[in-house]
1. Out of curiosity, is Tyr182 open to solvent by 70 Å² or more (accessible area, probe 1.4 Å) and of a type in the set (Ser, Thr, Tyr)?
2. Hey, could you check region 65-79 for residues that are assigned to a helix (DSSP H, G or I) and out of contact with any Leu (no Cβ under 8 Å at 6 or more places or on another chain) and say which is modelled with the highest pLDDT?
3. Of everything in region 98-113, what is farther than 19 Å from Ile81 by Cα, in contact (Cβ under 8 Å) with a residue 24 or more places away in the chain and of a type in the set (D, E, K, R)? Give them in sequence order.
4. Where residues in region 60-86 are open to solvent by less than 80 Å² (accessible area, probe 1.4 Å) and β-branched (Val, Ile, Thr), which of them is farthest from Val123 (Cα to Cα)?
5. Which numbered condition trips up Arg162, out of (1) modelled with pLDDT of 90 or more; (2) within 20 Å of the chain's Cα centre (by Cα)?
6. If you scan region 149-179, which residues turn out to be buried (at least 17 other Cβ atoms within 10 Å of the Cβ) and outside any loop (DSSP other than H, G, I, E, B)?
7. Under 18 Å from the mean Cα position of the chain (by Cα), assigned to a helix (DSSP H, G or I), more than 20 Å from Ala48 (Cβ to Cβ) and of a type in the set (A, V, I, L, M, F, W, C) - does that describe any residue in region 118-133?
8. Under 8 Å between Cβ atoms, which residue pairs at least 6 apart in sequence (or on different chains) link something in region 114-134 that is open to solvent by 70 Å² or more (accessible area, probe 1.4 Å) with a partner that is in a loop (DSSP other than H, G, I, E, B)?
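The values are calculated or read from the model by the stated rules, or taken from the named source; none is laboratory data. Note that the structure is a prediction, hence the values are computed from the model and not measured. Counting neighbours? That spans all protein chains shown, and the Cβs are built from the backbone with ideal geometry, glycine included. In case anyone asks, the SASA skips ligands and DNA or RNA and just uses the protein heavy atoms, side chains included. Shrake-Rupley method; radii C 1.70, N 1.55, O 1.52, S 1.80 Å.
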Amino acid sequence: MTRIIIIFVLLLTMGFGPPAQAVKSPRQPAAESAAKTAAPAVKSDTLAMAYLTRLPANPPQRPYFDPAPTDAGLQGARLGIVDNNTTGRFTRQTFSLRESIVPADGDLAAAFKTLIAEGHRHVLLDLPAADITLLAALPEARTILLYDIASHDDVLRGADCRANVLHVLPSDAMRADALAQYLSKKRWQKWLLV
């Protein structure tokens, strides 16, 4: 019973309750009464995110029948934005993505500063650990939240840890620990490391 009451109260507070009784006076013109009964414009919050990556100088060689994906991180970011915008319609939020792909010999810091100048405060970094450390140390990055979406390096979680970098993937040490815990849980005591 209390669940039904709580759900009913939530629905009422969200505007799903019975319509309010409007008293119409005969003196009001039709346009004025229509303007009063029209729903107010819904404002939505927009979160602008940026995606920054650098093309590899020497892409890995793979067999012709198994080509290496060149934009796996970018496709994941695009899919995340589409998915978040679907959910955001109900929460009155919109998400946008600005893509910045730097050539292998391009200036990564300049591209990052351009994104900051455009007003992006959330930047997805599809970069190796050395480049993430370089960008996180820039003075412009102090108030920016950087999302490390590609690096597994332990050094970013230890000696080169930065307060403005959020790691999405587990580090190599975390993955090794998880594997050891799994093997221990299964009581597999004999391991062969190759």
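1. For Tyr182, the condition - open to solvent by 70 Å² or more (accessible area, probe 1.4 Å) and of a type in the set (Ser, Thr, Tyr) - is met.
2. In this case the residue turns out to be Leu79.
3. Of everything in region 98-113, those that are farther than 19 Å from Ile81 by Cα, in contact (Cβ under 8 Å) with a residue 24 or more places away in the chain and of a type in the set (D, E, K, R) turn out to be Asp105, Lys113.
4. Across region 60-86, the extreme among qualifying residues is Thr86.
5. Arg162 satisfies all of (1) modelled with pLDDT of 90 or more; (2) within 20 Å of the chain's Cα centre (by Cα) except (1).
6. Passing the criteria: Leu156, Arg157, Val165, His167.
7. yes
8. If the second residue must be in a loop (DSSP other than H, G, I, E, B), the pairs left are Arg121/Thr143; Arg121/Ile144; Pro128/Ala150; Pro128/Ser151; Pro128/Asp153.
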